[in-house]
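Chemist: First the structure, which I've put down as C-alpha cells, then a few questions once you've had a look.
The values are calculated or read from the model by the stated rules, or taken from the named source; none is laboratory data. Worth saying up front: this structure is predicted, and the values here are computed from it rather than measured. Because the Cβ atoms are built from the backbone with ideal geometry, glycine has one as well, and the counts that use them run over all protein chains shown. These area figures cover heavy atoms from the full protein model, side chains too; ligands, DNA and RNA do not enter into them. Shrake-Rupley method; radii C 1.70, N 1.55, O 1.52, S 1.80 Å.
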Amino acid sequence: MSQDPPAASHPPIDFVTNPEQYRHWGLSFLGSVAVLEMRVQPDQPLRPGYTLKRNSYDLGVDIELADAVQRLRFEHPEVGCVVMTSADAQVFCAGANIQMLSSSSHAHKVNFCKFTNETRNAMEDASAHSGQTYLCALAGPASGGGYELALGCDYIMLIDDGSSAVSLPELPLLGVLPGTGGLTRLVDKRRVRRDRADYFCTLPEGIRGKRALQWGLVDELVLRSRFMDLVMERAREFAGRSDRPRDAEGIILNPVPRTVEADGVRYPHLTLDIDREKRVAALSIMGPAEPQPQTPAEIRAADAEFWPLAFARQLDDALLHLRLNEEEIGTWLFTTEGDNGRLAAVDDVLVRHADDWLVREITLLLRRTLKRLDLSARSSVAQIEPGSCFTGTLLEVALAADRSYMLDGTDDDGARPAPALRLTPMNFGPLTMSNGLTRLATRFLNDPEHIERLEARAGIDLDAQAADSLGLVTFIPDEIDWEDEVRLALEERASFSPDALTGLEANLRFPGPETLETKIFGRLSAWQNWIFQRDNAAGDDGALRRYGTGRPPKFDWKRT
C-alpha cells in the first residue's frame, strides 16, 4: 500500500478572499453578462513545491472561483449569464496540477476534489435556480479538470482551429479517474453514449472539431474569426431569458468576521471549540439575538448581517476550516442556543418572500451549506438541551446529524425549561439534500404519509417525548443518564476506524433516489478515494508519481 508524502508544516488554509485579492481569475462586466477569465499565475500556488503551468489549478485557484460564483449571485442581480474563458489564447485549462496531487496527502487530495465538485455544483445551482446561465468559451484545449470545469457549465463553445480539443486523459496518463465529476456529467448530464464516452476517456489527446460536436462533448463549434463575437451573442441571448432584476442593487459580501485561535474559531453566531484529546469539535450555534428584518427592503438594508445569511456564511467557513485544517477531528458535536419563536419568525420571512431574488439567494445558500454538512466525511451528533433552538432551519442541522440526543427534562438546577423542537415550513421543501428530497422525506422513506402528520404539528413546540414519538430524534435520555450517554457516544465514535466510518456514513446518508450529485459524491467517497491510495496511482512507481519523468509507471495487473 502506498504511503502519503512526508508531512510538511503548512499554514492553515483560508477560504476568505475577494476580487481585489484574486491572483488567478479576472472578473469583468458587460451589462447583463459577466466574464470570468482564468489567468492562473504559475508561480503562485497555494503551497510551495509546484508550478501552476498552462492554467492548471490547485485549491487556491478553486477558492477564488467559489468566491466569484457566490459574489455573482449576491452582488450582481443584473447578471443573467456568466462567460467562463481563459486569458491564455493557447489553452483554456490543463486541469488539476499533477505535481500538487502527487505531493499532497491523501486527505488533501480527496478534500480538494470534494470542494471542487461543490464549486461546480454551485455553478449548476446558479443556472438552475438563480437565473445565471454559465457559458464556457474554449478558445484552446481543455484537458482533465479543465474540461470538467467546462462540464459544470450549461453551454460549451469550442473554437474550430484544427487543434483545440477536449479530453479526460486521467486514465491513460495518471492511472486515476476524473475526480471532479467528469465521468458522471459526461453520461448523466450531457447524455453522451456510453461506448463513445469509453473511447473518449482512453484518448490522451482528446477529441476536437466536428466529432466533439457530433458526440455531444460540446454544444457549438466556432471559427476563430468569429469566436468571441458569437460567444457574446450567445451570452446576451441567455441573459435575456433570466428572471433576475436588472435594476436591483446587490449586497456586499464583506469578509466573514471571525477570530481564529489555536483550538477554535469565534464567529458572531457560531463558536467552534476543538478538544484534540477526544478528537471532537463542538460547534455552538447562536440563533438571532434580536428581531430580524421583515421585508425585502429591510433585508437589503441589513446587507450581509441578516441572520440567515450571516449564519450560513459563518457555518460554511467553519465546515471548510474543519475539513481541510483539522483532519484528525473526526466528530462534530452541534448545539444551539436561542429563542424558538424568534427563529421561527425568521423562517416565516424567508417563506413569505421566497419570490424576492435576494431572499431566494439566501435560502439557496442555506441549502448549499447544509449540503456541505451532509457531504463532510465526519461523524455528526446533535445535542438538544435546555436553551436550545433547534427550530426550522436549525432543526435541519439535527436532522442532518448521524445521531441526535435530546434531554427528557430540565437541567440539573431546573433554571431553564426543558428543550423543545419546532417544525416550520422550511423543513418541508426549501432545504433539500443532494438526493432531491427534504431531510424529513429522506428520514421517513418508509412512511411518506408521516410527513403530513409532521406538517400538522408545525409551529408547535415539541418536548422530548413528542419529538421521540414523531421520530425526530434518536435518543431521549433523562437527566440521570444524559451526560453519560452523550459522553459514551462520542468516545465510541472516536474508537472506530475513520475509514470505515467514512464509508458507513456515505452509504447511510443518502437513501432514496439517486441524482447527479449523489452519484458524483458517492463515487468520490468510494472508488476515487480508493484509487487515490493504490500503488498503481500513488506508489513510488505509480502513474501520478512518474508523470512527467519520461519513465512509464509500473502497474500491479491484478483486477480486484
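Chemist: Just to confirm my understanding: which cysteines in the chain have no other cysteine beta carbon less than 4.7 Å from their beta carbon?
Modeler: Taking the Cβ cut-off of 4.7 Å, the unpaired cysteines of the chain are Cys81, Cys93, Cys113, Cys201, Cys389.
Chemist: So what are the ³J(HN,Hα) numbers for the stretch 302-312, from phi and the Karplus equation (6.51, -1.76, 1.60; θ = phi - 60°), rounded to whole Hz, Gly and Pro as x?
Modeler: Calculated HN-Hα couplings, in order: 6, 6, 7, 8, 4, 3, x, 5, 4, 4, 4 Hz.
Chemist: Output the 0 to 90 degree angle, nearest 10, between the alpha-carbon long axis of helix 340-352 and the longest principal axis computed from the alpha carbons of the chain.
Modeler: That works out to roughly 40 degrees.
Chemist: Relative to the first principal axis of the alpha-carbon coordinates of the chain, what is the inclination of helix 227-240, with its axis defined by its Cα atoms, in degrees from 0 to 90 and to the nearest 10?
Modeler: The answer is roughly 30 degrees.
Chemist: Treat the stretch 115-225 as a sphere of radius equal to its Kirkwood radius over Cα pairs and apply Stokes-Einstein at 37 °C in a medium of 0.692 mPa s; give the translational diffusion coefficient in µm²/s, rounded to a whole number.
Modeler: Details: Rh = 14.0 Å.
Calculated translational D: 235 µm²/s.
Chemist: Next up: If you average 1/r over all unlike Cα pairs in the stretch 474-528 and invert the result, what Kirkwood radius do you get in angstrom?
Modeler: Working: mean 1/r = 0.0734 Å⁻¹.
Final number for the Kirkwood radius of the stretch 474-528 is 13.6 Å.
Chemist: To the nearest 10 square angstrom, what accessible area does Ser167 show with a 1.4 Å probe?
Modeler: 10
Chemist: Follow-up question, since we're still on this one. Indicate the gyration tensor shape class of the stretch 262-402 (rounded, prolate or oblate), computed on the Cα atoms with a ≥ b ≥ c the square roots of the eigenvalues: a/c under 1.5 is rounded; otherwise a/b larger than b/c is prolate and the rest oblate.
Modeler: Details: a/c = 2.03, a/b = 1.76, b/c = 1.15.
It comes out prolate by the Cα gyration axes.
Chemist: When the convex hull of the Cα atoms of the stretch 396-552 is projected onto a plane and the area is averaged over all directions, what value comes out in nm²? Mind dumping the intermediate values first?
Modeler: Working: hull surface 52.8 nm².
That works out to 13.2 nm².
Chemist: Using only alpha-carbon positions, what ratio does the radius of gyration of the stretch 1-128 give when scaled by 2.2 N^0.38 Å?
Modeler: Numbers: Rg = 15.5 Å, N = 128, 2.2 N^0.38 = 13.9 Å.
Relative to the rule-of-thumb radius for its length, the stretch 1-128 sits at 1.11.
Chemist: Moving to a separate point now. For the stretch 456-477 and the stretch 426-451, what is the separation of their C-alpha centers, rounded to whole Å?
Modeler: First find each Cα centre; the distance between them is then 16 Å.
Chemist: Hey, can you grab everything whose amide H is under 5 Å from the amide H of Met84? Only 5+ residues off in sequence or another chain; H modelled, so Pro and N-termini drop out.
Modeler: Sorted by chain and number, the residues that satisfy this are Leu36, Leu135, Cys136, Ala137.
Chemist: Continuing with the same structure: Name the shape class, rounded, prolate or oblate, that the alpha-carbon gyration tensor gives for the stretch 510-554, where a ≥ b ≥ c are the square roots of its eigenvalues, rounded holds for a/c under 1.5, and otherwise prolate holds if a/b is larger than b/c and oblate otherwise. Mind showing how you got there, number by number?
Modeler: Values: a/c = 5.90, a/b = 3.34, b/c = 1.77.
Note, shape of the stretch 510-554 comes out prolate.
Chemist: While we're looking at this one, here's another question. For Asp348, project a label point 7 Å along Cα to C-beta. Then give me every residue of the stretch 287-311 with its amide nitrogen under 11 Å of that point.
Modeler: Under cut-off, by backbone N: nothing.
Chemist: Of the heavy-atom accessible surface of the chain (probe 1.4 angstrom), what whole percent is carbon and sulfur?
Modeler: Numbers: 11550 of 23520 Å².
Here it works out to 49 percent.
Chemist: Just the accessible area per residue of the stretch 447-560, please: how many Å² with a 1.4 Å probe? Write out the running numbers ahead of the final one.
Modeler: Numbers: 6940 Å² over 114 residues.
That works out to 61 Å² for each residue.
Chemist: Let me ask something else. How large are Rg and Dmax for the stretch 399-446 when only the alpha carbon atoms are used, in Å?
Modeler: 14.6, 44
Chemist: Assuming a viscosity of 1.306 mPa s and a temperature of 10 °C, what translational diffusion coefficient in µm² per second does Stokes-Einstein assign to the chain, Rh being the Kirkwood radius over Cα pairs?
Modeler: Numbers: Rh = 24.7 Å.
In µm²/s, the coefficient rounds to 64.
Chemist: Tabulate in residue order the Karplus-calculated ³J(HN,Hα) for the stretch 74-90, using 6.51 cos²θ - 1.76 cosθ + 1.60 with θ = phi - 60°, rounded to whole Hz; enter x for Gly and Pro.
Modeler: 9, 8, 9, x, 6, 7, x, 8, 10, 9, 9, 8, 10, 7, 8, 5, 8
Chemist: Rolling a 1.4 Å sphere over the protein heavy atoms, what is the accessible area per residue of the stretch 309-420, to the nearest Å²? Numbers along the way, then the final one.
Modeler: Working: 3010 Å² over 112 residues.
It amounts to 27 Å² per residue over the stretch 309-420.
Chemist: Report the paramagnetic label zone for Glu479: residues of the stretch 391-411 whose backbone N is under 17 Å from a point 7 Å from Cα along the Cα-to-Cβ axis.
Modeler: Counting only backbone N, you get 406-411.
Chemist: With axes computed from alpha carbons, what is the tilt in degrees of helix 106-129 against the longest principal axis of the chain, rounded to the nearest 10 within 0 to 90?
Modeler: 90
Chemist: What is the Cα centroid distance between the stretch 386-425 and the stretch 59-128, reported in whole angstrom?
Modeler: The two parts, judged by their Cα centres, are 37 Å apart.
Chemist: Taking a 1.4 Å probe, which of Asp355, Asp67, Asp243 shows the most accessible area, and what order do the others take after it? Working shown, then result.
Modeler: On the way: Asp355 155, Asp67 25, Asp243 100 Å².
Sorted by accessible area, descending: Asp355, Asp243, Asp67.
Chemist: Here is a follow-up. Quick check on the chain: of the DSSP beta bridges with both residues there, what percent are antiparallel, nearest 5%? Mind dumping the intermediate values first?
Modeler: On the way: 21 of 59 bridges.
So the antiparallel bridges in the chain amount to around 35 percent.
Chemist: Using the alpha-carbon centroid of each, what span in Å lies between the stretch 489-530 and the stretch 192-259?
Modeler: About 31 Å separates the Cα centre of the stretch 489-530 from the one of the stretch 192-259.
Chemist: A follow-up question, please. How large is the helix-only mean residue ellipticity at 222 nm for the chain, computed as the sum of -39500 (n - 2.57) over DSSP H runs with n ≥ 4, divided by its residue count, in deg cm²/dmol to the nearest 500? Numbers along the way, then the final one.
Modeler: Values: 21 runs with 208 residues, N = 560.
Counting only the DSSP helices, I get -11000 deg cm²/dmol.
Chemist: Further question: Which order do Val187, Val166, Val260 take by accessible area at a 1.4 Å probe, largest first?
Modeler: Working: Val187 50, Val166 0, Val260 90 Å².
Result of the area sort, largest leading: Val260, Val187, Val166.
Chemist: Show me 474-483, 420-429, 129-138 ranked by packing, highest mean number of other Cβ atoms within 10 Å first.
Modeler: The densest-packed peptide leads the list: 129-138, 420-429, 474-483.
Chemist: Moving on. Projecting each Cα onto the charge dipole of the chain (Lys/Arg +1, Asp/Glu -1 at the beta carbon, about the Cα centre), which of Gly459, Gly162, Phe444 comes out farthest on the positive side?
Modeler: Highest projection toward the positive end goes to Gly162.
Chemist: How about the stretch 1-93: which trypsin sites (Lys or Arg not before Pro) there are in a DSSP loop, with at most 16 other Cβ atoms within 10 Å of their Cβ? If you can, show how the numbers build up before the last one.
Modeler: On the way: sites: Arg23, Arg39, Lys53, Arg54, Arg71, Arg73; in loops: Arg23, Arg39.
Hits after loop and neighbour filter: Arg23, Arg39.
Chemist: Something else now. Which pairs break 18 Å Cα to Cα here: Lys109/Lys371; Lys371/Lys519; Lys109/Lys558; Lys114/Lys278?
Modeler: On the way: Lys109/Lys371 20 Å; Lys371/Lys519 14 Å; Lys109/Lys558 25 Å; Lys114/Lys278 26 Å.
In this structure, Lys109/Lys371; Lys109/Lys558; Lys114/Lys278 lie more than 18 Å apart at Cα.
Chemist: Using a Förster distance of 60 angstrom, determine the FRET efficiency expected from the C-beta separation of Gln214 and His450, and round it to 0.05. Don't jump to the answer; show the numbers that get you there.
Modeler: On the way: r = 49 Å, r/R0 = 0.82.
Efficiency, from the Cβ-Cβ distance: 0.75.
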